[in-house]
Every structure is written in C-alpha cells, then in structure tokens.
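Down below is the structure, laid out as structure tokens.
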Amino acid sequence: MPQTAAAVADPPAGVSAGSEFTPLLRTVKGQGLLDRRQGWYALTIAVNTLALAGVVTGVALIGHSWWVLLLAPLLAVLSARTAFIGHDAGHSQITGNRRVSRVIGLIHGNLLLGMSYGWWNDKHNRHHANPNHIDKDPDVKADVLVFTGEQAVDRTGFRRWLTRNQAWLFFPLTLLEGIALKIHGFQDLRRQPPRERAVEAFLLVAHVAAYVTLLLTSISLGTALAFAALHQALFGLHLGMAFAPNHKGMEMPDPDGEGWGHLRRQVLTSRNIRGSALTDWFLGGLNYQIEHHLFPSMPRPHLKLVRPLVRAHCRELGIPYAETGLVDSYRQALRHMYEVGEPLRVE
C-alpha cells in the first residue's frame, strides 16, 4: 500500500521545497520544451476529424448489415483520441489563448463526445493541484471505488460488497465509464454560470441528438442498440486503461499537511509507463504522467523529450522516480485496490 508522508518526501536540510523545482524549470524553459506545437496539434485534430467522418460515413453506408458493428471498436478508439485532444486543450497545451482552448474543448468534449468540458476541466484541475490527496483530489474521493483503509471502513451494504471485490470489478466497471461521464456532465450544468450552462447544454443535447439520429436512421433498432452499447463500453474501457496506471497505488500525501513542494507532490504521486511509440499513442501521452504533472501545459510531443531531464534531476535529489511496464502498472494498481478491500474480506 502507498506510504503517507514518507521520510523520502522530506527535502534535504537547507533546501526549500520550491527551490528543488526551480533549476529544472529553468532548464526546460531554456530548451524550449514549453513552447507550443500548434502545427502538430492542427495535424492531429485534422486526422482525427477525418477518421471520425470516415467512420460516420461507414455507419451510414453499411448500417443495414451486422458488419457495421465492426466500426464500433474503431469509433471507441477514435473517441478516446478525441478525449485526449480535449484533455490537452484543457491544459492549454494547444494554445495559450483561453477562449480558443475552450472552443476546442467544447467541440471535442461536448459536441463530439457528449461529455461536459466545463465539468471535466474543473475536476481535473483540482486533481492536478493536489494529486492523491484524500481531501482535495476528486479522483480519490470515496465513490464506487475507495483508495484507503479509512474510506473502506465506512462502507455499508452494496458499497461494502463493491469494496471487498473492487480489484476484480475495476475493469468491468470501466465499461460503464463512457455513460457515466455523460451523466456527470449533465448533472454539473446546475453548477455552471447561466451563459456557460446554455452553451454546454446546447452542445451536449446536440451530440445526443446527432448520435441517436445517425444510428436510428442508418441501422435497425436492435443493431443500433448493440452498436451503441459496444461503442460506449469500449470507449470507457479505453479511458480506464489510460488513466488507471497513473496514480493508483502511489504515495498519498498526509491530509494534515506534508509540506511537499511542487516537484515532490507531483513526482511521488505519479507513475510513468515505459513503452514504444504505440504506447505513447494508445495512452495519449499520459504514460509520461510525471512529466505531465510537473509541466501540465507542455505539449504532448515534448513530454518524452523532457523525461531524461526529469529523471536525472530526481536522481540528483534522491527522489524516487516510478516507472514500469504497462501490464505491471495495472498489477500494481489492482494490488493496491485489493489490499484496501482486504480487511472487509476477513471479517
């Protein structure tokens, strides 16, 4: 299980938490690694848009046949690509213009996915500010899953059963994530200011209307339901596989205040995934989770370039730099969830 406020988290004597990050930031800026790659993103968005249009055209042309179901997994993969673009827009990785970033996020989130950009961006920014902090990170708040023994103790009824078996249920539950994201977005509309609420609601409804219209006008009802179920389930699974390795089973800061600076707060709570260009593509660059958390506005193609600098800096300071393979990352995350639920299995 992850440690809390471990001794390794303490900066060396005479070194302030803030000064640990400053030299690294200076080097990264000096090498231009925080400069945006608008051409790369323009090409990525164009390719993704054309691919989505191709799948939609395919659905319209062969929707009368059960063969159309073969397009559902492809659409799920492209939906994940779309989500990654919205993620990068939310972090201002694509452009420094907040209005343009929001437009890109609304198109890729609300319109193309039916997922509220405003809801996700608010939640995700709070996660970045305090990763794995039990009181401040919404991603480790006790909900369907729990992440500490203290959270597990309070579970009752069906939720207690879920916690006992959460390691086995994790990936099956991600099959529902695509739908859950849409529901959370609609629920969050009440929180948003009237003007933002109107825009987000219009785009969310437009997505649902277009999605339902495409399926029901191109495919028989039974096939349409099967297509939607397969698409949404695989989309949720893909996102779960991309986000699960990043923080689960890593350090969880002491809720009473651990005194970590930015460098330790982000490095100690994050895990990188080794792999090839295929891993980078499949995980949307989130396999460089440490670098992404240290430099959230850094464009995706620069994350692998800054990795050697971050590793060397952590080694110099004696800060553990967690990196493992994809399969082992899932094993570590699931083992943590299994251990959290263990006390409820031995009652």
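The values are calculated or read from the model by the stated rules, or taken from the named source; none is laboratory data. Just so it is clear, the model here is predicted, and its values are computed rather than measured. Don't worry about glycine lacking a Cβ; one is built from the backbone with ideal geometry, like all the others, and counts go over all protein chains shown.
Please go through (1) over 18 Å from the mean Cα position of the chain (by Cα); (2) in contact (Cβ under 8 Å) with a residue 12 or more places away in the chain for ILE290 and return the number of the only condition it doesn't satisfy.
Failing condition for ILE290: (1).
Take GLU200 and tell me if it is at pLDDT below 95 and acidic (Asp, Glu).
Taking the combined requirement at face value, the residue does not satisfy it.
Out of the residues in region 97-136 meeting the condition of being of a type in the set (A, V, I, L, M), part of a helix (DSSP H, G or I) and within 13 Å of HIS87 (Cα to Cα), tell me which one is farthest from the chain's Cα centre (by Cα).
Looking at the filtered set, the residue picked out is VAL103.
If we only count helices (runs of 4 or more DSSP H) wholly inside region 177-294, which ones have 2 or more residues that are closer than 28 Å to VAL340 by Cβ?
Answer list for region 177-294: 177-188, 221-243, 262-267, 277-282, 289-294.
Conditions first: (1) within 20 Å of the chain's Cα centre (by Cα); (2) free of Cβ contacts under 8 Å to residues at least 40 places away in the same chain. THR269 passes all but one, so which condition is the exception?
It fails just one condition, (2).
Kindly list the number of the only condition in (1) more than 20 Å from the chain's Cα centre (by Cα); (2) assigned to a helix (DSSP H, G or I) that fails for ILE319.
Among (1) more than 20 Å from the chain's Cα centre (by Cα); (2) assigned to a helix (DSSP H, G or I), the lone unmet condition for ILE319 is (2).
Considering only residues that are basic (Lys, Arg) and in a loop (DSSP other than H, G, I, E, B), look in region 25-52 and name the one that is farthest from CYS314 (Cα to Cα).
Among them, the one singled out is ARG37.
Can you name every residue in region 102-132 that is over 25 Å from LEU214 (Cβ atoms) and either surrounded by fewer than 21 Cβ atoms within 10 Å (Cβ to Cβ) or in contact with a strand residue (DSSP E or B) (Cβ under 8 Å, 6 or more places away or on another chain) (or both)?
ARG102, ASN121, ASP122, LYS123, HIS124, ASN125, ARG126, HIS127, HIS128, ALA129, ASN130
Which is touching a helix residue (DSSP H, G or I) at 6+ places or on another chain (Cβ under 8 Å), crowded, with 17+ Cβ neighbours inside 10 Å and closer than 17 Å to LEU181 by Cβ, of ALA228, ALA224?
Sole residue among the options that is touching a helix residue (DSSP H, G or I) at 6+ places or on another chain (Cβ under 8 Å), crowded, with 17+ Cβ neighbours inside 10 Å and closer than 17 Å to LEU181 by Cβ: ALA228.
Of these, PHE147, PHE158, which one is surrounded by fewer than 15 Cβ atoms within 10 Å (Cβ to Cβ) and either on the phi > 0 side of the Ramachandran plot or modelled with pLDDT under 95 (or both)?
Every option except PHE158 fails the conditions.
Scan GLY259, GLY275, GLY284 and give me the residue that is over 20 Å from LEU173 (Cβ atoms) and crowded, with 19+ Cβ neighbours inside 10 Å.
Sole residue among the options that is over 20 Å from LEU173 (Cβ atoms) and crowded, with 19+ Cβ neighbours inside 10 Å: GLY284.
Hey, can you tell me all the residues within region 174-223 that are among the small types (Gly, Ala, Ser) and in contact (Cβ under 8 Å) with a residue 60 or more places away in the chain?
The answer is GLY178, GLY185, ALA206, SER218, SER220.
Restricting to region 35-44, name every residue that is touching a helix residue (DSSP H, G or I) at 6+ places or on another chain (Cβ under 6 Å) and among the hydrophobic types (A, V, I, L, M, F, W, C).
Scanning region 35-44 gives a single hit, TRP40.
Going residue by residue through region 137-156, is there one that turns out to be in contact (Cβ under 8 Å) with a residue 40 or more places away in the chain, assigned to a helix (DSSP H, G or I) and among the polar types (S, T, N, Q)?
Looking through region 137-156, at least one residue is in contact (Cβ under 8 Å) with a residue 40 or more places away in the chain, assigned to a helix (DSSP H, G or I) and among the polar types (S, T, N, Q).
Report yes if LEU70 is surrounded by fewer than 15 Cβ atoms within 10 Å (Cβ to Cβ) and either out of contact with any helix residue (DSSP H, G or I) (no Cβ under 8 Å at 6 or more places or on another chain) or in contact (Cβ under 8 Å) with a residue 60 or more places away in the chain (or both), otherwise no.
Here the answer is yes, as LEU70 does meet what is asked.
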